[in-house]
Amino acid sequence: MTSEYVTFGLALATRAGGVLADGTYQTHRDFLDFVVDGRPLLARLADLDAVSPLAADIGPSALAEQVRGLLLETEASPTGSRFVLYGCPECEGLECGAVTAVIERDGPDVIWRDFVRQTGEAPDVERDGYPGLGPFRFHGEQYRTTLKGLLTADGALAPEIPAGPRTLLIGPRAAVLAKLAAALRRIGIGAEITLDAAGAHADELRKYGAVVFGPTVGQGERDAVRDAFAAARSDAVCVTALAPIVPLLVAQVEQALDRTPHDRRRLLGLTTAAGGAEAVVEISATCRVALVVHRLDRLSRPRTRDLFDAVLDPGTHHIPLDPRAVRGRSYLVARTNDAVRVTPVER
């Protein structure tokens, strides 16, 4: 058993939502990730699309129960001393796969060991384990203090995880904004449409994380809205719609809502080069990256195409683009499990 101590912490994290190329919806999830020795644990699982049980949208009582489980105050789940650390973002079943670990006391300390990808009641550590991950020994006092900080004195949940994100859409309630609002709500992002936000109360404006200007909103109207949000001391990010393509607009909103500190981002940048012949993707840590192109054809109909999907190592990657896929007005979307980046194809 390991005798070296590592630090334990928690950090806000996001599983980015979106409308994928095949038309399916991917739910936006805000949660607390486990930070081991200063590094988010999920980042060590390069190809895993998952969230921790400490998620903002599971309800206060269920979340408090998860915290008490990690404190070893309740029985482990699903069996024995094995606890779920990461699960499917779309459901609660083990069938989609969950990362579990044995959590146990060793004197005053707490040990996490035998990490495994589990899809049933009886995990196979030899076959589905994560070699080189753990075991981790935490100082019991630091571990318990960090987790108990999420609870009030009577054991209820303290408001440490922000409520779900909200987006304000500026412009007429036309088809594109109405469809965008519906898509955002479908993936778990609150969305409201208004013609004018300049006269809204400051407290209301501060509830929004992003503002999207519809294609018919003039520059003067945009400036007035920006001034209103600035006067309200809001940190909302203002977004100008690139094109009337709903999946692309959803990706723009997800990028605007991203509050991940720069030193914890895996997807650092997305640009195009060589006259639009290649995408330039900058990665800080090994992760899976998918590239999708959205464009309008000659009849202004939206077209979407998958271009790339692979695990990339840290660094800057130049990915060739099919000229037929990016002709006309085209826009690239790069997606990892926790981030989305959007860029026009520059020619």
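The values are calculated or read from the model by the stated rules, or taken from the named source; none is laboratory data. Everything numeric here is computed off the predicted structure, so don't read it as measured data. Note that we place each Cβ from the backbone using ideal geometry, even for glycine, and neighbour counts take in every protein chain shown. When the accessible area is computed, the model is the full protein with side chains, heavy atoms only, and any ligands, DNA or RNA have been set aside. Shrake-Rupley method; radii C 1.70, N 1.55, O 1.52, S 1.80 Å.
Here are some values of Cα extents along the principal axes in Å: [x] 61, 41, 37; [y] 83, 55, 30; [z] 67, 48, 31. Which one was computed from this structure? Working out Cα extents along the principal axes in Å from the coordinates points to [z]. Accessible surface computed residue by residue for the stretch 5-149, with neighbouring protein chains in place and a 1.4 Å probe, gives 44 Å² per residue. Sorting the segments 93-100, 57-64 by their mean number of nearby beta carbons within 10 angstrom, highest to lowest, gives 93-100, 57-64.
Rounding to the nearest 10 and keeping the result within 0 to 90°, find how far the Cα-based axis of helix 219-231 lies from the longest principal axis of the chain. In the chain, helix 219-231 runs at an angle near 30 degrees to the longest axis.
Write down the accessible area per residue of the stretch 260-346 in Å², having rolled a 1.4 Å probe over the full set of protein chains. Using a 1.4 Å probe on heavy atoms only, each residue of the stretch 260-346 averages 50 Å². Sort the stretch 1-129 into rounded, prolate or oblate with this rule: let a ≥ b ≥ c be the square roots of the eigenvalues of the Cα gyration tensor; rounded if a/c is under 1.5, and if a/c is not under 1.5, prolate when a/b is larger than b/c, oblate otherwise. It is prolate, given that a/c is not under 1.5 and a/b is the larger ratio. Of the residues TYR130, ALA43, THR146, the one whose Cα sits farthest towards the positive end of the charge dipole of the stretch 5-149 is THR146 (charges of +1 on Lys and Arg Cβ, -1 on Asp and Glu Cβ, taken about the Cα centre).
Summing charges over all other residues whose Cβ lies under 12 Å from the Cβ of ARG301, with Lys and Arg as +1 and Asp and Glu as -1, gives +3. By a 1.4 Å probe calculation restricted to protein chains, LEU249 has an accessible surface near 10 Å², given to the nearest 10.
Solvent exposure of PHE136, expressed as accessible area, is near 20 Å², computed with a probe of 1.4 Å over the protein chains only.
Cysteines in the chain lacking any other cysteine Cβ under 4.7 Å from their own Cβ: CYS91, CYS238, CYS287.
Summed over qualifying helices (DSSP H, 4 residues or more, each -39500 (n - 2.57)) and divided by its residue number, the chain shows a 222 nm mean residue ellipticity of -5500 deg cm²/dmol.
To the nearest ten degrees, helix 246-257 and the longest principal axis of the Cα atoms of the chain are 60 degrees apart.
Helix 175-186 and the longest principal axis of the Cα set of the chain meet at an angle near 0°.
What FRET efficiency comes out for the pair ALA174/CYS91, r = Cβ-Cβ distance, R0 = 30 Å, nearest 0.05? After rounding, the FRET efficiency stands at 0.30. Compute the signed sum of charges (Lys and Arg +1, Asp and Glu -1) over the other residues within less than 10 Å, Cβ to Cβ, of HIS317. Once positives and negatives cancel, what remains is -3. Using a probe radius of 1.4 angstrom, the carbon and sulfur fraction of the accessible surface of the chain is 50%.
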